[in-house]
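Okay, structure first, notes after.
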Amino acid sequence: MEFGFVDSIKVKGRNSIIGEIKCVSPIHGDLLRGRDPLKLAEIYERCGCSAISYITAKAFGGSFNTLKDICRSTNLPVLRKDFVENKEEIERTCEVEASALLLIARILKERTAEFVDLCFDHGLEPVVEVFSEEELVFAEDSRVVLINNRDIFNPRDVDVNRTMKIAPKIRKTKISGSGIKKIEDLRVLEFVDAVLIGTAFMLAEDTEKIVKSFLEARL
């Protein structure tokens, strides 16, 4: 079962970074600042990111139509992030030809396994997000786990060390997301296959410059 997303983020010889397009932050406000999301996707691809993540949730200023446009415009795998609770969202995500869909274990709980199976049935890579070691039980059937260093119910609670604590317990493709703000934070790549970076890239005055600096960094 090969959907492309796993192969894309498990690269060798460079830092594997998923560039995220986040329009609005609960903490920082407007992150897009009038920029075109498609241009940002173009920068991520040109710089050498492994994949693109786009948040469709309305609370983050997302748009499903923009997701569709990004999927059509880029050659990179696209991960849709949202607070998915309905099975219909799996089919919608498949229809726009996204490569992967985020499933949050803290929200779906026992339903996660069912949603994972449905994603596979639709040719989507289910990326199960966990916040604690206890939630790993919900990710047993997935191939990819995203460790969220941020508490989604308390956005100011961010700890990159959470990745170092949980990652050794996971025998799957692993991603670390949230709180990766500076080059030194890339130390988490010793524990995971890829990192997902959104806010730090979106806040930068020169997006291309900072993306390249993270991709080319050697720790």
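Coordinate-derived values only; no laboratory data. Not measured: the values here are computed from a predicted model. Heads up, the Cβs are rebuilt from the backbone with ideal geometry, glycines too, and the neighbour counts pull from every protein chain shown.
Quick look at the numbers
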read-out	value
Neighbourhood net charge (15 Å Cβ-Cβ; Lys/Arg +1, Asp/Glu -1) for ARG150	0
Ranked by how many other beta carbons lie within 10 Å on average, peptides 50-56, 28-34 from highest	50-56, 28-34
For the chain, calculated [θ]222 nm from helices alone, where every DSSP H run of n ≥ 4 adds -39500 (n - 2.57)	-8500 deg cm²/dmol
Lys/Arg +1, Asp/Glu -1 at C-beta; the stretch 5-216 dipole; positive extreme among LEU186, ALA57, LEU38	LEU186
Test item: Cα-centred dipole of the chain, Lys/Arg +1 and Asp/Glu -1 on Cβ, debye	740 debye
Residue among LEU196, ASN161, PHE214 farthest towards the positive dipole end of the stretch 155-219, charges placed on Cβ	ASN161
Most positive-pole-ward Cα, ASN86, LEU101, CYS119, against dipole of the stretch 5-216 from beta carbon charges	LEU101
Filter on LYS12/LYS174; LYS109/LYS169; LYS39/LYS109 - keep pairs with C-alpha separation over 24 Å	LYS39/LYS109
Fraction of antiparallel bridges per DSSP, the stretch 5-216 only, in percent to nearest 5	10 percent
Relative contact order (%) - the chain, alpha-carbon pairs under 8 angstrom, separation at least six	21 percent
